[in-house]
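Accompanying notes for the structure given below.
Laboratory data are not the source of any read-out in this text; all were calculated from the coordinates shown. No experiment lies behind these values; they were computed from the predicted model shown. Glycine gets a Cβ as well: all are built from the backbone with ideal geometry, and neighbour counts include every protein chain shown.
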2 protein chains.
Amino acid sequence: MFDTPVVVVDAAVMDRNIQRAQTVATAAGVRLRPHVKTHKSSLLAQKQLEAGATGLTCATLSEAVGLSEAGVGGDLFVAVPFYPSPSKLARIDLLLEAGSDLSLAVDNLSVAGLLAIRYPGGGPRLIVEVDSGSHRTGVDPVEALPVAAACGDLFGGVFTHGGHGYPPGMAAAAGADEVRVLAETKNRIEAAGGRVAVISAGSTPTAAHCVGDPVNEVRPGTYIFGDWQQVGNGAMALDDVAVSVMATVISAPAADRFVLDCGAKILSKDQPAWVEGYGHLPQMPGAVIERLYDNHAVVSTHGDRPPMVGDQLRVIPNHVCPVINLVDQFLLTTGDVVPVDLRGHLT
Amino acid sequence: MFDTPVVVVDAAVMDRNIQRAQTVATAAGVRLRPHVKTHKSSLLAQKQLEAGATGLTCATLSEAVGLSEAGVGGDLFVAVPFYPSPSKLARIDLLLEAGSDLSLAVDNLSVAGLLAIRYPGGGPRLIVEVDSGSHRTGVDPVEALPVAAACGDLFGGVFTHGGHGYPPGMAAAAGADEVRVLAETKNRIEAAGGRVAVISAGSTPTAAHCVGDPVNEVRPGTYIFGDWQQVGNGAMALDDVAVSVMATVISAPAADRFVLDCGAKILSKDQPAWVEGYGHLPQMPGAVIERLYDNHAVVSTHGDRPPMVGDQLRVIPNHVCPVINLVDQFLLTTGDVVPVDLRGHLT
């Protein structure tokens, strides 16, 4: 028996998820560039590349450096805009010197201009982020042309993140938004004489809905493990969820309540509006993790018979990305240990 | 300039917080046993001991082992109940062999009995957790006596956590609940012939309200750094908050919205009901971090002039404990780096 709390990943389900996403992308004629922020593991990044992924997506330059140092930094896209401070520029230079084919997100005229000046003979490829409806980062589509122009010779394409496709029933419309906004932007830039090589979209919920023309790359991340919010929004089946947090009942102080040792320091407090509680207990599907403290998960039984102190229960986390980022390693059902070698890597 | 996002702690404010809590405890005649789950740092644990703390509180046995390995494991209390699996027992034995004066939380008859059988000649001191109103772990006060009896010779005292004292206006009443429940429990156990050496209570909001008789030990954690929820509930002044997450504006795509690079992977998604948003921006007190993604904090300006891309802003996190647990180290304003050597340590 392993000690709890611990993250366990079903290796067979994970491998099936990797293969299936690759098969769908290949059949649709788009490149698959998995987002490593979900697994934070160069080992699993390598697996995704071996299955046919053409490159990797990162959230930070330090994730990119970690991948490069682990030998999987051949083709990297850092898909979050950044400000080119000296330390960020030093990392970019490091990646270029290491031979990475490096793409970077920009959504700002000044940043695009600064990078164009910094790399006059070429360097990183700049991919302009366009807002397709999530209203997070990304320029309004009508403002993409000047940002693309400011990139100069570094301009490489456009991308979007249809984050508004996460709630139940929204994925198809958000995927269509991604395609429409990228097509409009591409046409506008091409009409001005630009060449738009990369046209990138797609998250785990929206990827299946945006693999049409002109999108030529998708960037899902969560699909490798799944989580409870992806079951709740219909993007993944419960049988395709590879990740569990195994927890032990440490207290059962009342007939309708018990406490697990998987607190917010392993489950995180992510709680999308369409799921109840802080994770799902497949062995007690009616029970709800009502309250989450750093090291306690307080569960209401809602009429189920409470487990005994010492019982181990499986919890499917609401959102897998922050969970993996809280552990230094996780277990596969094969018995192997996967180091989360990109854990942290915030900058 | 440092790279962002990064956790920065004002060393002078932190030192003042350490001293003040010690002074208050000493003046009240109670022992201060700071909770290390806030800072996860053996270096700061050492500072707290040097200031007069009589021992340390941990949330997990692996935190206790980490403290012991760092040379500050002399007097440790693991204040979360656990199930004595072989791996937990191995850690207990390790700590005892290393010479720790070790106290462990129990709130269950079977666990107390198992430990009493496992350590017939003495070993860890067992401290029975009593529920004073937070309804998390802890036995109902009327059930404390049989659990204390099951501890046999290992029984060392009682403790409670008045977690219901966190919301604004609740600290005094919750502190009084802690005192009342512990006094009742102590009297009941003593009437049955038991000796109750340790009577432990008190969190950052309630510690000042429970230092009266019979409480002889308090266990606050957050007081060392402070955070926005402790300002919001009145437990700490804004000037006593030592912790900041320094972040950079990475996108300003609309007049009323900008995006910082401090996402949930550094701020965490903790959001108590009495604070708005996912952290406080002292330089823009009207602005609200409305949405938090893994690597993006989306801020509404609420009429303030938005900052420029590249600007650095200070964010006071809602809850400091999960923030520190997300980084491998943090900066002091002295320029020193503090390793978070107990980061993770979940089991």
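Which Cα, out of A:Ala53, A:Ser41, A:Val30, lies furthest along the positive dipole direction of segment A:1-66 (beta carbon charges, K/R +1, D/E -1)?
A:Val30
Work out Dmax and Rg for segment A:238-339 from the C-alpha atoms and quote the Rg first, both in angstrom.
Considering segment A:238-339 through its Cα atoms, Rg and Dmax are 13.2, 39 Å.
Provide, for chain A, the number of lysine pairs with alpha carbons under 30 Å apart, each pair being eight or more places apart or on different chains.
Taking chain A as the scope, the lysine pair count is 14.
Sort A:Trp274, A:Trp228 so that the residue with the fewest other Cβ atoms within 10 Å of its own Cβ comes first and the one with the most comes last.
A:Trp274, A:Trp228
Specify whether the C-alpha gyration tensor of segment B:12-224 places it in the rounded, prolate or oblate class, a ≥ b ≥ c being the square roots of the eigenvalues: rounded for a/c under 1.5, otherwise prolate if a/b is larger than b/c and oblate if not.
Since a/c reaches 1.5 but b/c is at least a/b, the shape of segment B:12-224 is classed as oblate.
Tell me the distances, shortest first, between B:Gly122 and the same position across the other copies, using label points 7 Å along Cα→Cβ, in nm to one decimal.
7.7
Using Cα springs under 10 Å in a Gaussian network model of chain A, which residue among A:Gly152, A:Gly55, A:Gly193 shows the largest mean-square fluctuation?
Result: A:Gly193 has the largest fluctuation of those listed.
Between the label point of B:Val337 and that of the same position in each other copy, find the distances and list them shortest first in nm, with every label point placed 7 Å from Cα along the Cα-to-C-beta direction.
Output for B:Val337: 2.4 nm, nearest copy listed first.
Rounded to the nearest 500, what is chain A's calculated 222 nm mean residue ellipticity when only DSSP H runs of at least 4 contribute -39500 (n - 2.57) each, over all residues?
-8500 deg cm²/dmol
In whole percent, what relative contact order does chain B give with Cα contacts below 8 Å and a gap of six or more residues?
20 percent
Across the protein assembly as shown, how large is the tail of the calculated P(r) beyond 42 Å, expressed as a percent of all Cα pairs?
Of the Cα pairs, 28 percent sit more than 42 Å apart.
By count of other Cβ within 10 Å, fewest leading, how are B:Lys265, B:Lys47 ordered?
The order, fewest Cβ neighbours first, is B:Lys47, B:Lys265.
For the rotation bringing A onto B, which A residue has its Cβ nearest the axis, and at how many Å?
Reported as residue, whole Å: A:Lys269, 2.
Choose one answer from A:His302, A:His280, A:His164: the residue with the largest mean-square fluctuation in a GNM of chain A with alpha-carbon springs under 10 Å.
The residue with the greatest mean-square fluctuation here is A:His302.
Determine the distance separating the Cα centre of segment A:218-290 from the Cα centre of segment B:189-205; give it in Å without decimals.
36 Å
Of A:Thr38, B:Thr347, A:Thr54, B:Thr222, how do they rank once you tally other Cβ atoms within 10 Å and put the fewest first?
A:Thr54, B:Thr347, B:Thr222, A:Thr38
Would segment A:119-165 count as rounded, prolate or oblate if I go by the C-alpha gyration tensor, calling it rounded below 1.5 in a/c and otherwise prolate when a/b exceeds b/c, oblate otherwise?
prolate
Give the nm distances, rounded to one decimal, from A:Asp311 to the matching residue in every other copy, measuring between label points 7 Å along Cα toward the beta carbon; shortest first.
Sorted ascending, the copy-to-copy spacings read 5.4 nm.
If you take the Cα Rg of segment A:181-280 and divide it by 2.2 N^0.38 Å, with N the number of residues, what do you get?
Cα Rg divided by the expected 2.2 N^0.38 Å: 1.62.
With chain A treated as a Gaussian network of Cα nodes joined by springs under 10 Å, which of A:Glu178, A:Glu63, A:Glu50 yields the largest mean-square fluctuation?
Maximum among the listed residues: A:Glu50.
Would you mind pulling out the separation of the Cα centroids of segment B:1-48 and segment B:49-83, in Å?
Between the Cα centres of segment B:1-48 and segment B:49-83 lies a distance of 15 Å.
Out of A:Ile316, A:Tyr83, A:Leu267, whose Cα points farthest toward the positive end of the dipole of chain A (charges: +1 Lys, Arg; -1 Asp, Glu; placed on Cβ)?
Sorting the options by dipole projection puts first A:Tyr83.
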